[in-house]
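The values are calculated or read from the model by the stated rules, or taken from the named source; none is laboratory data. What you see is a predicted model, and the numbers here were worked out from it, not measured in a lab. Here the Cβ positions follow ideal geometry from the backbone for every residue, glycine too, while neighbour counts run over all protein chains shown. Ligands, DNA and RNA are excluded from the accessible area calculation, which covers all protein heavy atoms including side chains. Shrake-Rupley method; radii C 1.70, N 1.55, O 1.52, S 1.80 Å.
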Amino acid sequence: MTRALITWGGWDGHEPDRVAALFAGWLGEAGLEVTLTDSLACFDDLDAVKAFDLIVPVWTMSTIGKDQALNACAAVASGVGIAGCHGGMCDAFRENVDWQFLTGAQWVAHPGNDGVEYGVRIVSDDPVVAGIGNFTVKTEQFYLHVDPAVRVHAVCDFPVADGPHAVNGPVAMPVVFTKGYGAGRVYYNALGHKADVIGTGPAAELMRRGLIWAARRG
């Protein structure tokens, strides 16, 4: 049976408990065996982490131990997938560059704060986005520093809200991307400031597909 590890915690504002439960429900419905924990101790034992097929981090900020991060990296490099959303993967453990190298991006700003209305454009024909048309969301719009090696599947356009970035002109910012890390698959969806954002509409379908895609080995 395909096994998924969901670990959640960190800043409460991103509702990690609700997001983790949401993802656990989706994965269970897809037939995966899910282990749910609110501790990073799950990364203490590399062999135990490598026994899973998928890691789903739901952490914002917080701090991860150096060996814990390296174990997560080694597990993914060995073939374990990793998938997550904004409130869980690419605004976690800000001081840990190993984690950022693994996940492929780091949040740095959200001009306009919450309640910004903007469009998400699908820009590939990959199965993780196929058949999902362009859509609009109203939430925080995330400015990311992104690994140039990622394969981008959806973008949003900056600037919408004004700020110091606006003088640089239009920028297509990745919203959904995939990449490889050794033998493992990495999936990220930048939506997910709150559980209702990632839990409804096209954003939810994108996330469901990404979780299942990342869980497949090879």
| query | Is it the case that some residue within region 115-133 is among the β-branched types (Val, Ile, Thr) and within 17 Å of residue 89 (Cβ to Cβ)? | reply | yes
| request: Pull up region 113-145, narrow it to residues that are touching a residue at least 60 places away in the same chain (Cβ under 8 Å) and in a loop (DSSP other than H, G, I, E, B), then point me to the one that is farthest from residue 191 (Cα to Cα). | output: 127
| said: Among the residues that make up region 49-68, is at least one of them within 27 Å of residue 32 (Cβ to Cβ), in contact (Cβ under 8 Å) with a residue 12 or more places away in the chain, of a type in the set (S, T, N, Q) and open to solvent by 30 Å² or more (accessible area, probe 1.4 Å)? | reply: yes
| remark: Filtering region 119-170 down to residues that are open to solvent by 60 Å² or more (accessible area, probe 1.4 Å), closer than 22 Å to residue 216 by Cβ, of a type outside the set (D, E, K, R) and under 17 Å from the mean Cα position of the chain (by Cα) yields 149
| remark: In region 95-118, anything in contact with a Leu (Cβ under 7 Å, 6 or more places away or on another chain) and open to solvent by less than 20 Å² (accessible area, probe 1.4 Å) is listed as 105
| message | Quick check on residue 41: is it under 17 Å from the mean Cα position of the chain (by Cα) and either open to solvent by 20 Å² or more (accessible area, probe 1.4 Å) or closer than 18 Å to residue 189 by Cα (or both)? | response | no
| message | Condition first: surrounded by fewer than 24 Cβ atoms within 10 Å (Cβ to Cβ) and touching a Leu at 6+ places or on another chain (Cβ under 9 Å). Now tell me which residues in region 187-196 satisfy that. | response | 195
| When only residues in region 95-151 that are touching a Gly at 6+ places or on another chain (Cβ under 9 Å) and of a type in the set (Asp, Glu) count, which is farthest from residue 194 (Cα to Cα)? | 147
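Take region 77-94 and flag every residue that is assigned to a loop (DSSP other than H, G, I, E, B) and open to solvent by less than 10 Å² (accessible area, probe 1.4 Å).
79, 80, 86, 87, 88, 89, 90, 91, 93
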